[in-house]
Structure formats: C-alpha cells, structure tokens
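Worksheet: one structure, shown below.
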Amino acid sequence: MSKIVYFSMQAFRHIRRNTVVAGVTVGTVAIVFLLLCVLALVGYNLDRLGERLKAGLYLVVYLEDEATEQEIQEIKSTLESSEVVGSIRFIDKKQALEIFKKRLGAQATLLNEVGPDTLPSSLEVKLSSSEHSTKSIEALAQKLVSHPGIEQVQYGQAWLGRFFNFMDFSRLIALLIGALLVFATLMIVSNTIRLSVYARTDEIHILKLVGATDNFVKAPFYIEGVVLGGLGALLGIGGAWLLFILARPLVTIPLGPGSGDLNLEFLPISSVAISAAGGAVVGMFGTLASLGRHLRI
Amino acid sequence: MIQMYHVYMSYGSDSPGLIDVSLRIEKAEFAFITGPSGAGKTSLLRVIMLAERSQNGQILLFGKNVANIKEKERTLFRRHMGVVFQDFKLLPSRTVEQNVAISLEVLGKGRGEIRKKVGEVLELVGLEHRAHRLPPTLSGGEQQRVAIARAIVNDPQILMADEPTGNLDQALSEEIGVLLNRINARGSTVVVATHDTAWIQRTQHRVIHLEKGRVVSGGMPLG
Ligand SMILES: Nc1ncnc2c1ncn2[C@@H]1O[C@H](COP(=O)(O)OP(=O)(O)OP(=O)(O)O)[C@@H](O)[C@H]1O
Ligand SMILES: [Mg+2]
C-alpha cells in the first residue's frame with residue numbers, strides 16, 4: 001500500500017516537472033478520444049435509427065380489382081406459410097379510402113369528389129419481428145409478385161437494405177479509423193514516457209546503483225502513462241458529451257406517421273466506462289512500448 | 001569478501017578495460033586502487049559493483065560466484081554494496097535527506113525507519129544541520145559526504161569510492177579520508193580508487209596498483 005503511494009508520488013513528481021509535455025499529451029489523447037466518441041455516437045444513433053426503421057417495416061400487397069376470392073385465399077396462405085409474416089389484415093376499398101383520408105387530415109376534403117373505387121383493396125402484412133433481414137422480406141415480395149391477382153407488392157422502405165449495407169460498411173471503416181487513432185494515442189503516450197525516462201537518466205542510474213529492482217524503477221512510469229491516458233480519455237469523453245448536449249436539440253429524425261421521432265441518445269454508460277478504461281490501458285501499453293531496454297546501467 | 005581470478009573485461013576490441021586481473025580483498029579491509037589515468041581503476045570498481053560484465057575469469061562476492069548471475073540477483077548484490085563517485089551523483093531537486101533516503105526507499109522500508117536511519121547517518125557524516133538543503137547549495141565536501149551517507153545508510157558490507165576526493169581541496173579531502181576510516185572501523189570493507197598519493201601515504205592501507213588494465217602489485221592481502 002505505502003509502495004503504491006510512493007510510486008504515485010513519483011509519478012506526479014514526473015508530471016509536475018514537465019507540465020507542458022504532460023498537458024500536450026493529455027490534450028492530444030483527449031482529441032483522439034473525442035473523435036472516437038463522436039464516431040461511436042454517430043454509429044450508435046444510426047444503429048438505433050436502423051432498429052426503429054426495421055420495427056416499422058411492413059409489406060402491402062395490392063390486389064387487382066378482378067382478383068377472385070380463391071386467388072386472395074392462395075395469397076393469404078402463401079403469406080401465412082412464411083415465417084417473416086406476423087399478422088395479415090385485409091383492407092377493402094372503402095377502408096383504404098378512410099385510412100387515406102385520415103392521413104390527409106385537414107386536407108381530406110380534397111377527396112370528397114373521389115369515388116370509393118379509386119383505391120385498390122390490399123393485404124397489409126406486419127412482420128413477425130424486427131429481427132428479419134431485409135433480404136428475407138425482399139425474397140417474400142419477389143415470390144408474391146408472380147401470384148395471380150396481385151397488382152403490386154410494396155414493402156415499406158425498400159431502401160433499408162441499402163441502408164444496412166451502408167451501415168455494415170461504415171462499421172468496418174469506423175473500426176479501422178478507431179484502431180489507427182488508438183495506435184496513434186499509444187505512440188503519443190509512449191513518446192512522452194520516453195522523454196520522461198530520458199529526463200531521469202541520472203535518477204534511474206542512482207536507483208539501480210543503490211539496488212532498485214527494474215519494477216521499482218518502472219512502476220512510476222506506468223502510473224504516469226495510465227494517468228495521462230486515462231485523463232485524456234475522460235476529457236475526450238467529456239468533450240463528446242458537451243457536443244452531444246449542444247447537438248441534441250438540433251437533431252430529430254421524423255420516422256413517419258405513427259412512429260414518432262428519433263432523438264439523439266448518448267452512448268450507454270458501459271461504453272463510456274470502457275472508453276475511459278481504454279485510455280488507461282492505452283497509457284499502460286504506451287509505457288510498456290517505451291520502457292524495457294532503457295533501464296540498464 | 002571480493003575475489004577475482006584472471007578476470008578480463010573490455011569495452012570493445014580496441015579498448016581493453018581489465019586484463020588478467022586477480023586479486024583478493026578481505027572482510028573489513030581498507031584497500032586503495034591506484035595507477036595512472038586509464039589504468040582501469042573505474043573499470044575494476046564497475047565490475048565489482050556489477051555495472052559491467054567481465055568476459056572471462058571468475059568473480060566471487062561474499063563467497064558467491066557472480067559471473068553469470070541474472071539481473072534480479074545483481075540487484076540483490078548491489079544492496080550490499082555502497083558506491084560513491086567523484087562527481088557525487090546527487091539528485092539536485094531533492095533535499096539532502098531525500099537523497100540519502102533513496103537507498104532505503106528501494107528496499108521498501110517504512111517511513112519511520114527511513115527517517116531514523118537517515119538522521120543517524122547524517123549525524124555520522126556531520127550534516128544533520130543540512131538535512132533540508134538542496135545539494136547545489138552545499139560545498140563540494142558536503143556534497144561528497146551526502147553521497148557517502150547515501151552509500152552507507154543501508155549498512156552495506158562493501159563501500160566503494162571512485163576518486164571521492166578528486167573534486168575537493170586538501171582540507172576537505174582529509175575530512176573525507178577520516179570519514180572513510182571511521183566507516184571502515186565500524187566493520188565495512190572499503191575500496192577506494194584514487195590518484196591522491198598524499199592520502200595513500202598518510203595511511204597504512206593496502207594499495208592495489210593497476211597499469212594498462214593489469215594488476216602490477218598489491219593484488220593479494222598483506223601477510
Ligand atoms: N565506456 C567506455 N567505453 C569504451 N572505453 C572505455 C569506457 N570506459 C573506460 N574505457 C577505457 O578503458 C580504459 C580504462 O578506463 P578507466 O576509466 O577504468 O580508467 P581509470 O583508471 O579509472 O582512469 P581515470 O584515472 O582517468 O579515471 C581506458 O583506456 C578507457 O579509455
Ligand atoms: Mg576513473
């Protein structure tokens with residue numbers, strides 16, 4: 001215990017001795033972690049958007065006016081046999097017009113002159129869960145098109161598939177950028193510790209001469225690295241949180257009628273904790289990278 | 001205490017440090033190492049303090065062979081050897097007290113014990129009134145006494161000094177000589193490398209004479 005106090009005191013002595021270098025290091029680490037957090041924040045919220053959009057996925061099968069009762073039954077049984085499908089609702093021409101009127105709201109009077117036959121009847125299909133990939137929904141739609149009695153199959157947000165492809169791709173790029181940034185931080189901390197070691201060559205020689213073990217000499221440098229890395233990470237996360245507070249009122253994504261809006265959300269507390277710990281770990285490895293062969297006398 | 005048999009050490013092919021050095025220094029003995037500049041005095045001390053590896057021959061410290069020991073064991077051996085240099089090697093930003101305390105801190109001693117031992121040893125070297133000063137504000141003789149205090153505070157069995165009076169005038173040199181005699185009288189083996197013939201002649205101690213890396217006389221104890 002008293003050793004930890006002793007090592008920490010040495011580490012803070014190092015930092016106080018060279019506040020400029022320590023400050024620049026913490027600042028640089030903070031900027032890197034700010035970037036990482038913003039990246040993670042954007043990704044996290046896009047993921048949430050994706051989930052919400054998926055939940056709102058549906059399939060509408062518009063029927064031909066001439067479709068026979070039997071054809072409609074066949075379509076229904078095709079739908080029911082698919083595991084993608086949750087519930088099916090038949091909407092006849094009259095209901096379709098009602099729904100349309102409701103959606104128009106104040107402008108509904110526009111439809112006064114429109115006859116009840118204008119809109120086709122349809123089968124509205126809700127999906128069984130939001131877990132299904134957009135591919136399996138697309139496959140179902142393809143299968144239905146060839147059915148007799150169907151005028152058109154529409155599945156909401158057909159672009160969602162492309163959205164998810166884009167997300168997968170972005171995730172990969174973000175991971176790469178993140179790894180590069182983390183590596184850069186490691187090098188920065190490593191460099192600072194190296195300077196700190198050079199500044200203490202005499203002290204290290206003396207410590208070794210009076211019988212200090214390598215670990216005794218190295219411990220304060222590890223604490224120094226961990227403190228610089230951890231502090232930088234905390235500052236970066238704090239900065240990202242400030243940006244988030246500023247950006248939140250400016251960004252709301254309407255998800256369309258009935259689904260409400262999507263508001264920005266900050267990273268979950270577990271991710272924040274992991275990032276902060278990550279800063280400390282990066283500091284530790286930065287120290288590891290710079291120590292090693294410097295301690296011979 | 002220190003035994004060397006046919007020890008060779010070189011800093012590279014063109015710069016032999018020690019050539020076929022054999023010598024023995026007994027427990028509680030006071031021995032001078034002397035010889036012209038470049039003779040290998042510092043090299044010999046560095047080999048004994050395990051700061052330099054010998055390429056050939058056998059070295060026994062406290063009866064144990066140290067030819068091929070690991071870093072960890074070197075550290076343990078160093079804890080039984082105190083070292084003093086011509087240029088003091090004090091940390092300028094730490095007080096006298098803190099400089100001396102280093103030797104005990106690396107051993108993981110508690111604060112109370114450190115304070116007590118540092119106080120005692122500063123008294124022994126006559127610097128108790130300088131405990132809170134920074135080394136650059138002290139005279140050369142005082143700084144050297146701080147370095148000696150640091151070297152002996154952990155009660156080492158061997159005290160080695162490399163030209164401890166090299167930067168000091170006659171009066172201060174004599175002071176250091178008296179202090180080292182006193183430490184020797186308390187039972188420590190003392191090995192001093194020096195050019196200072198006046199000092200050597202003032203004493204009855206054994207003189208190991210080096211020239212061009214070889215021992216030319218005094219390698220074995222008298223009698
Ligand atoms: N680090 C080194 N690298 C290469 N050669 C060295 C090194 N240290 C000493 N030497 C060489 O080894 C030889 C012995 O040097 P050493 O320092 O042991 O002599 P010395 O007797 O202590 O001399 P002085 O009285 O000047 O201190 C010299 O020729 C010196 O040039
Ligand atoms: Mg020398």
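Laboratory data are not the source of any read-out in this text; all were calculated from the coordinates shown. Bear in mind that the values here come from a model prediction, so they are computed numbers and not experimental data. Ideal geometry is used to build each Cβ from the backbone, glycine not excepted, and the neighbour counts take in all protein chains shown.
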- Message: Can you give me the long-range amide H partners of residue B:22? Hydrogens built in the peptide plane at 1.01 Å from N, cutoff under 5 Å, separation of 5 or more residues or another chain.
- Response: B:6, B:7, B:215
- Message: How are the alpha carbon pair distances in the stretch B:105-166 distributed across 10 Å bins from zero to the largest one, expressed in percent?
- Response: 20, 52, 27, 2
- Given H placed on each backbone N at 1.01 Å, which residues far from residue B:159 in sequence or on other chains put an amide H within less than 5 Å of it? B:82, B:189, B:190, B:191
- Integer Hz, Karplus 6.51/-1.76/1.60 couplings in order for the stretch A:116-126, x for Gly and Pro: x, 8, 4, 8, x, 6, 8, 10, 9, 10, 8
- Item | Dimensionless Rg ratio for the stretch A:90-235, taking C-alpha atoms and the 2.2 N^0.38 Å reference | 2.27
- Env charge @ residue A:254, Cβ radius under 13 Å, K,R +1 / D,E -1, value 0
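Relative to the compact globular guide of 2.2 N^0.38 Å, what is the alpha carbon radius of gyration of chain A, as a ratio?
On the way: Rg = 30.8 Å, N = 297, 2.2 N^0.38 = 19.1 Å.
Output field value: 1.61.
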- Query: Given H placed on each backbone N at 1.01 Å, which residues far from residue A:262 in sequence or on other chains put an amide H within less than 5 Å of it?
  - Reply: A:253, A:255
- Message: Can you tally the net charge around residue A:228? Count Lys and Arg as +1, Asp and Glu as -1, for every other residue whose Cβ sits under 15 Å from the Cβ of residue A:228.
- Response: +3
- Of A:147, A:73, A:120, which is farthest on the positive side of the dipole of the stretch A:58-154, counting Cα position, with +1 on Lys and Arg Cβ, -1 on Asp and Glu Cβ, and the Cα centre as origin? A:120
- Query: Over the stretch B:36-195, what is the relative contact order in whole percent, taking alpha-carbon pairs under 8 Å and six or more residues apart?
  - Reply: 28
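Helix-only mean residue ellipticity at 222 nm, chain B, DSSP H runs n ≥ 4 weighted -39,500 (n - 2.57), per residue, nearest 500. What is it? Before the final figure, lay out each step's value.
Values: 7 runs with 75 residues, N = 223.
Rounded to the nearest 500, the figure is -10000 deg cm²/dmol.
Please get the size of the charge dipole for chain A, origin at its Cα centre, with Cβ charges of +1 on Lys and Arg and -1 on Asp and Glu, quoted in debye to the nearest 20. Each step should come with its number before you reach the end.
Numbers: 26 positive and 25 negative charges, 491 e Å.
Dipole about the Cα centre, nearest 20: 2360 debye.
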- Is the stretch A:58-154 best put as rounded, prolate or oblate by its Cα gyration tensor, with a ≥ b ≥ c the root eigenvalues, rounded for a/c under 1.5, and otherwise prolate when a/b is larger than b/c, oblate when not? oblate
- Item | Nearest 10 degrees, 0 to 90: helix A:134-145 Cα axis against chain A principal axis | 20
- Item | Hz values of 3J(HN,Hα) by residue in the stretch B:111-124 - Karplus curve (6.51, -1.76, 1.60), Gly and Pro given as x | 4, x, 4, 4, 4, 5, 5, 5, x, 4, 6, 5, 5, 4
- Item | the protein assembly as shown - Debye-derived log10 I(q)/I(0), Cα point model, q = 0.08 Å⁻¹ | -0.68
